[in-house]
Amino acid sequence: MAEDGVVPERYPVRELPGAGYVERTLENVIDSDGTLILYWERYDGGTELTAEFCAEHERPLLCLDLAKVTEDAAVRQAIEFIRRYGIAVLNVAGPRASKWPQGRDRTCRLIAGVLDAIDRRS
């Protein structure tokens with residue numbers, strides 16, 4: 001279940017039985033090769049918890065303030081991060097849609113840019 005309802009079946013995710021938000025956040029950090037946090041000006045709450053779990057479990061982390069970096073620069077930094085740490089499974093985190101309404105569109109464009117760039121170089 002997501003903040004805005006049921007996650008569509010096209011996404012290969014599985015529910016973590018009996019787990020709450022904190023447990024799911026931790027599993028996302030542990031089950032990935034690294035985490036990319038995207039935010040606008042500041043983050044707190046669950047996004048901050050994600051960063052804390054990355055530090056606690058010594059997992060690679062890149063935090064990008066999209067208020068301070070252009071979309072092209074963010075794509076370049078994300079690609080460099082993925083390559084530097086050999087990331088095959090990337091955990092992407094950030095504020096909830098209710099806290100950052102533009103976040104979904106910004107995140108989709110950034111991830112599409114990363115995938116396009118990696119695809120062109122393959």
| Counted residues, region 83-94 - those being buried (at least 20 other Cβ atoms within 10 Å of the Cβ) and within 13 Å of Asp33 (Cα to Cα) | 1
| query | Within region 29-81, how many residues turn out to be of a type outside the set (A, V, I, L, M) and more than 20 Å from Leu110 (Cα to Cα)? | reply | 12
| In region 1-23, which residues are within 16 Å of the chain's Cα centre (by Cα) and under 15 Å from Pro95 (Cα atoms)? | Ala2, Glu3, Tyr21, Val22
| said: So Leu36 passes all but one of these: (1) among the hydrophobic types (A, V, I, L, M, F, W, C); (2) in contact (Cβ under 8 Å) with a residue 40 or more places away in the chain; (3) more than 18 Å from Ala117 (Cβ to Cβ). Which condition number does it fail? | reply: (3)
| query | Can you name the residue in region 57-71 that is among the charged types (D, E, K, R) and surrounded by fewer than 11 Cβ atoms within 10 Å (Cβ to Cβ) and, of all such residues, is nearest to Asp33 (Cα to Cα)? | reply | Glu58
| query | With region 1-110 as the region, which helices (runs of 4 or more DSSP H) entirely inside it contain at least 1 residues that are touching a Lys or Arg at 6+ places or on another chain (Cβ under 7 Å) and within 26 Å of Arg121 (Cβ to Cβ)? | reply | 71-85
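Rule-based calculations on the coordinates, nothing more; no lab input. Please read these numbers as outputs of a predicted model, since none were measured by experiment. Reconstructed Cβ throughout: ideal geometry from the backbone, glycine too, with neighbour counts over all protein chains shown.
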